[in-house]
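The values are calculated or read from the model by the stated rules, or taken from the named source; none is laboratory data. Remember, predicted model here, so these are calculated numbers, not experimental data. Cβ placement follows ideal geometry from the backbone for every residue including glycine, while neighbour counts extend to all protein chains displayed.
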Amino acid sequence: MTQILHSYPFDTKLLRTNPKYKFNPCIDALAPAASIRLAEKAKTLAAGGQTIFDLTIGEPDFDTPASIKEAAIRAISRNNTHYVNGRGILPLRERIAAKLREENGIACAPENILVTPGAKSAIYVAVRTLIGAGDEAIVLDPSWVSYGSIIQASGGIVRSVELPYDDGHRINLTKLEAARSDRCRLLIVNSPNNPTGRMLNSGEAQAIADFASRHKLYVVADEIYEKIAFDGRPHISLGAIPEIADCVITVNGLSKSAAMTGWRVGYLCADAELVDKMYMLYQHMLTCISGFAQEAAVVAFDCAGEIEAMRAAYERRRNLFVESLRNVPGVVCRVPEGTFYSWAYFDHPAMTSAQICDFLLEEARVASVPGEAYGLGGAHCVRFSLATSENLLQEAAKRIGVAVKKVMAQETPKLAIPGHGSEKSFRRSAPYPSRPHRRTLSDLSR
Ligand SMILES: Cc1ncc(COP(=O)(O)O)c(C=O)c1O
């Protein structure tokens, strides 16, 4: 149930054998993100002339709103091309602090803010500041691919808490308690969640707050998908809960909400003393973010209309894609509460999620990401990105349905599963054991 994914000093299997010169073992042992294999394979097939329905993409398919781009062009014309304040230009930190106070209920001022090159570096700087060799951090599983690697790069130990599909990936306090030890320093929580699309409810948020304050843990609250919430569901910021307000590092940015992935503007908000400490590391690592990108980012906070239009488009796509997938026999797809991902459970115990994704690519020409890339809690699950057009999603869902039905209609279907040896039966062979506590599809609420 609770298990250590990576333990300090490192996973020796990944180390280079007989190296002439040695690397830092924590870095040497980093594995590539398991989420990119299928995306690369899809690109290769597409380059070979095949039509591929690529649902692996983790970034908005929209362009950055025009007013943001114009602000950057104006700033460049004014020669805002030099170093700027490393913590972030004051107008941007003021704007971020005002947003966090007004929208998220987080008490903060510009001195609590550090502007970073994307949310990813905010997480990196936070983890690196709080975790040293042998310290432990709790990661909820399934979760975004980089958390574990960032902890590992810091010399830390990942305590992975598996939250399975058949329990709705809900926060489980008993499991959290079992995963914690005296070496535990922090917990990473992501809501809305990549890959599951789940959002924390108030009971879960309070349970996390009680757990963190009881054990004096820091909490990294990754809220990068905050603006992509559906059905009017309220986003809960852990940093607004009084008993843990001092030990939450709220991470957010403009990559997903304002379609600004390439601009690299993210930020974190934390206790001022901790921000000062993180800034020490930041100074020696990053110096600052381009001043013109920061000037443009200030304007992004006035783009509520454009941001809402993108959110509404994701919601429409979610509705049509999930509805189509739910008609596919053997596929369970809960309605994602946020993000631009749909997260489906394939009731084919004989196949790993990687095999399912390979099959969908070969048979349906649909590229997707295997759930196991996000941890054991993603077993038998597949992540489909909704960051593409409605037409493409409709066609992709149709193709998935045809492919899966075709297989199920056969008595003893034989499918070539690339990368997994010769032909394997889709339903009968069991090259990988299914999880013992896994319930059947009929037990799951659709
Ligand atoms: C959960 C999560 N956090 C953080 C990031 C990184 O965001 P950024 O591009 O702002 O670094 C991603 C990107 O995919 C993500 O999915």
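At-a-glance table
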quantity: Test for residue 402: is it at pLDDT below 90 and part of a helix (DSSP H, G or I); calculated: no
quantity: Failed condition for residue 41, given (1) under 30 Å from residue 149 (Cβ atoms); (2) surrounded by 14 or more Cβ atoms within 10 Å (Cβ to Cβ); (3) touching a residue at least 40 places away in the same chain (Cβ under 8 Å); (4) out of contact with any Leu (no Cβ under 9 Å at 6 or more places or on another chain); calculated: (4)
quantity: Residue in region 290-300 that is within 23 Å of the chain's Cα centre (by Cα) and of a type in the set (Phe, Trp, Tyr) present; calculated: no
quantity: Residue match in region 50-70 (condition: touching a Gly at 6+ places or on another chain (Cβ under 9 Å), more than 16 Å from the ligand (Cβ to nearest atom) and not small (Gly, Ala, Ser)); calculated: yes
quantity: Residue count for region 335-352, restricted to those that are within 16 Å of the ligand (Cβ to nearest atom) and more than 18 Å from residue 57 (Cβ to Cβ); calculated: 1
quantity: Residue check, residue 332 outside any loop (DSSP other than H, G, I, E, B), at pLDDT below 95, away from the ligand (no atom under 16 Å from the Cβ) and not assigned by TED's automatic domain parsing to the domain that holds residue 123; calculated: yes
quantity: Counted residues, region 220-237 - those being away from the ligand (no atom under 13 Å from the Cβ) and either assigned to a strand (DSSP E or B) or not assigned by TED's automatic domain parsing to the domain that holds residue 148 (or both); calculated: 1
quantity: Total residues in region 380-401, condition crowded, with 23+ Cβ neighbours inside 10 Å and closer than 17 Å to residue 35 by Cβ; calculated: 8
quantity: Helices (runs of 4 or more DSSP H) fully within region 77-190 counting 3 or more residues that are within 16 Å of the ligand (Cβ to nearest atom) and hydroxyl-bearing (Ser, Thr, Tyr); calculated: 146-153
quantity: Residue in region 51-63 that is exposed (fewer than 14 other Cβ atoms within 10 Å of the Cβ) and in a loop (DSSP other than H, G, I, E, B) present; calculated: yes
quantity: For residue 190: the one exception among (1) within 15 Å of the chain's Cα centre (by Cα); (2) farther than 30 Å from residue 315 by Cβ; calculated: (2)
quantity: Residue count, region 251-298 (criterion: within 16 Å of the ligand (Cβ to nearest atom), surrounded by fewer than 23 Cβ atoms within 10 Å (Cβ to Cβ) and basic (Lys, Arg)); calculated: 1
quantity: Region 17-38 - residue that is outside any helix (DSSP H, G or I) and within 15 Å of the ligand (Cβ to nearest atom) and, of those, surrounded by the most Cβ atoms within 10 Å (Cβ to Cβ); calculated: 35
quantity: Residue that is nearest to residue 402 (Cα to Cα), among those in region 299-328 that are exposed (fewer than 15 other Cβ atoms within 10 Å of the Cβ) and of a type in the set (Asp, Glu); calculated: 323
quantity: Residues of region 238-250 satisfying the condition of being of a type outside the set (A, V, I, L, M) and either in contact with a His (Cβ under 8 Å, 6 or more places away or on another chain) or more than 15 Å from the ligand (Cβ to nearest atom) (or both); calculated: 239, 242, 243, 246, 247
quantity: Number of the exception - residue 114 against (1) surrounded by fewer than 24 Cβ atoms within 10 Å (Cβ to Cβ); (2) out of contact with any Asp or Glu (no Cβ under 9 Å at 6 or more places or on another chain); calculated: (1)
quantity: Single residue of 313, 387, 296 found to be within 30 Å of residue 93 (Cα to Cα) and in the same structural domain as residue 84 (by TED's automatic domain parsing); calculated: 296
quantity: Residue within region 349-356 that is in a strand (DSSP E or B) and hydrophobic (A, V, I, L, M, F, W, C) present; calculated: no
quantity: So residue 197, is it surrounded by fewer than 24 Cβ atoms within 10 Å (Cβ to Cβ), at positive phi and of a type outside the set (A, V, I, L, M); calculated: no
